[in-house]
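In what follows, a structure is listed as structure tokens, so that the remarks can point back to it.
Every number in this text was worked out from the coordinates using simple rules, so none of it is lab data. Since we're looking at a predicted model, the values are computed, not measured. No Cβ is skipped: glycine too gets one built from the backbone with ideal geometry, and neighbour counts run over all protein chains shown.
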Amino acid sequence: MIVHHHKISAIRTNLLDWFSVNARDLPWRRTRDPYAIWVSEIMLQQTQVKTVIPFWERWLRELPTIEAAANASSDQLHKLWEGLGYYTRVRNFQKAAQVIVQQHGGKFPERFEEVLALPGIGRYTAGAICSIAFNQPTAILDGNVVRVLTRVFGIAENPKDKETNARLWELATELVLGASGFAAIRGDKARLAHSESESRTRTRTRTKGENDACSRLNQSLMELGALVCTPRNPQCLLCPVQHLCVAFRDGRVDVLPNLGERAPATARRFAAFVVERDGKFLVRQRPAGVVNAHLWEFPNVEVGASPGRPPGDSLGAVGRSTLLRVTAPSSRAVSDAAKGLLGFAAQNLSPLVTVKHSITRYRITLEAFTVNLGRTHVAPDGAVWKTPAQMQQLAFTSAHRKILRAIERAKT
Ligand code: SF4
């Protein structure tokens, strides 16, 4: 037990020292405003730091307060999130903002249980916000932290197993609990480097000498996982806890964490139809309750999947564990799909662009075709005609945004 405590203490000290020198200068690290930190934590779920930065900056410019987020229109929210994916996050964010306005007078709650009770905020996010914004000793455990802890402690069991997961939470808790007694670390180069930009931030900022060791301990764990203890080719020779790491000592870095078998990817193929009439295009908004709900897209339908999947099955609703061999549909099949979807025989169907992308474990091929429907056509149910300028104001799914760009390119 004494050895264990010594090891925890040594990891903590080494991580804090390393973070003081190596922390990246990220915009949400220049503030302790819980709202700004909350926005960053939600955006960073499933999304890389460099992608998030411009989204985070734009969000805070356009919705600088919790009240603004609570009162924003659905269109504005989705537009601000357009390109980040996993749109349930932004809808839950607004619900949580509304709860904060109604139940907490618009002030972000400081008690962990109240934060955890907000829509879209789980144990990890509540721990991250409470530690980073309020310097509370609340643990965090995300993919980065799981990787660091399983390697440092040589944990061979699958971290998703209930007992192993509980053990990892305990380790993360022990680490941050001890940090709450730390005085501010001297020689904090990262903070000094940020001092100029900190003075410009509109929110409450760290003051010199303020104890923020819980905040920095948790961030150092995430940062080590992001920069050094990476999934592939970790930089063990640069690692501040290498001398404490069981996986490094035993040559098991490559096999930890033990994440078990991954479900194989599933290929799916869709055809989308770009229909133009008098300078306007036919688009529709995805309904509530499906993947990418409320976002805009060109009319499209699933084609060419193996038997057993009904055409138009909403993405993600059906589980598959095998890689389907999806072959390119014949022009006849595409033409039939267009007729079924749009209600009119399509003439002069011609390929516009092919977009490949992934959603969770689906590897999707989306082929867009321009379609001539003649002049008698009325919009099918749920679809509307929009000009290119109007479409720019709407939030499209990433794949359909690429179709939009292909249309613009074709016109220039
Ligand atoms: Fe990760 Fe290597 Fe450091 Fe161990 S020594 S924590 S495996 S980077």
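Worth pointing out:
- Zero-based 10 Å bins, Cα pair distances in the stretch 219-290, whole percents: 13, 28, 15, 14, 17, 11, 3
- Net charge contributed by nearby residues that have their C-beta within less than 10 Å of GLU297 (K/R +1, D/E -1): +3
- Karplus-based coupling profile of the stretch 69-81, in residue order and whole Hz: 5, 5, 9, 5, 6, 4, 4, 5, 4, 5, 5, 5, 9, with θ = phi - 60° in 6.51 cos²θ - 1.76 cosθ + 1.60 and x standing for Gly or Pro.
- Based on the reciprocal of the average 1/r between different C-alpha atoms, the Kirkwood radius for the stretch 90-129 equals 9.9 Å.
- Dmax and Rg, reported as Rg then Dmax, of the stretch 54-105 (C-alpha, Å): 10.6, 32
- Reported value for the stretch 1-114: 138 Å³ per residue, from the convex hull of its C-alpha atoms.
- Treating r as the C-beta distance of SER180 and LEU238 and R0 as 22 Å, the FRET efficiency rounds to 0.20.
- For the stretch 39-175, convex hull volume per residue from C-alpha positions, Å³: 116 Å³
- Annotation: the residues LEU341, LEU237, LEU15, sorted from fewest to most other C-beta atoms within 10 Å of their own C-beta, follow the order LEU237, LEU341, LEU15.
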